[in-house]
Amino acid sequence: MSNTAVKSKSSVKSVAVNGIAIALVFLATGFINIRLPIAANGGLIHLGNVPLFLAAIIFGKKTGMISGAFGMALFDLFSGWALWAPFTFVVVGIMGYVVGAITEKEEHNTLFWYLIAIILALIIKIVGYYIAEAIIYQNLIIPVASIPGNIIQVTAAGIITLIVAKPLKKQITKAML
């Protein structure tokens, strides 16, 4: 196979993986969620972070960033949260990038490093959405009410991810060879 054919096959695989990851993040965010009657924005706890974290851990930082940024921002656009889409695009894109950057190193393919990556993603989410809400609501107190929901959301996704990531990564890596 020529070098061009190999690059083309790799590119097609990358586009397919990214597209599927975006769709999974979008669907998990949109259909596996609970709207909270608290906080200024009503609050939303969803499991969209599970496919985001899995995509980042299994396929790396680029897929993590792309799937998170586009998957969750598309959810915002199609669900009446359009004002949040630009913030979501940036915050969740950074979350996916960081999780993937930490876990794509072979020596970091352990539950310990997955946990560290998810904790950093939680910090990024809390800080990022605090800033977003402060900008949207022009208030530094209102965003504090969203912190518990963000913690619950990422913690639940983190627990699920930690249970399934390593065996799933092993199976997908094996299947893609």
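The values are calculated or read from the model by the stated rules, or taken from the named source; none is laboratory data. Quantities reported herein were computed from a predicted structural model and do not represent experimental measurements. In this analysis, Cβ positions are derived from the backbone assuming ideal geometry, glycine residues included, and neighbour counts consider all displayed protein chains. In case anyone asks, the SASA skips ligands and DNA or RNA and just uses the protein heavy atoms, side chains included. Shrake-Rupley method; radii C 1.70, N 1.55, O 1.52, S 1.80 Å.
Observations, loosely collected:
- When we screen Ile102, Ile135, Ile118 for residues that are among the β-branched types (Val, Ile, Thr), over 15 Å from the mean Cα position of the chain (by Cα) and assigned to a helix (DSSP H, G or I), the only hit is Ile135.
- Unique match (being at pLDDT below 95 and among the aliphatic types (A, V, I, L, M)) among Ala134, Ala117, Ala145, Ala101: Ala145
- Residue satisfying condition, being outside any helix (DSSP H, G or I), modelled with pLDDT under 90, in contact with a Gly (Cβ under 9 Å, 6 or more places away or on another chain) and exposed (fewer than 13 other Cβ atoms within 10 Å of the Cβ), within set Ile38, Ile45: Ile38
- Segment 153-177, residues that are open to solvent by less than 60 Å² (accessible area, probe 1.4 Å) and either closer than 21 Å to Tyr129 by Cβ or charged (D, E, K, R) (or both): Gln153, Val154, Ala156, Ala157, Gly158, Thr161, Lys169
- First in segment 49-65 and touching a residue at least 24 places away in the same chain (Cβ under 8 Å) and open to solvent by less than 20 Å² (accessible area, probe 1.4 Å), second anywhere and outside any helix (DSSP H, G or I) and not hydrophobic (A, V, I, L, M, F, W, C), Cβ under 9 Å, 6 or more apart: Ala56/Glu104; Ile57/Glu104; Ile57/Asn109; Gly60/Glu104; Gly64/Glu104
- With respect to the stated conditions, Tyr130 is open to solvent by 10 Å² or more (accessible area, probe 1.4 Å) and among the hydroxyl-bearing types (Ser, Thr, Tyr).
- Residue count for segment 156-170, restricted to those that are modelled with pLDDT of 95 or more and closer than 16 Å to Ile119 by Cβ: 7.
- Index of the failed condition, Ala21 passing every other in (1) surrounded by 24 or more Cβ atoms within 10 Å (Cβ to Cβ); (2) within 17 Å of Leu122 (Cβ to Cβ): (2)
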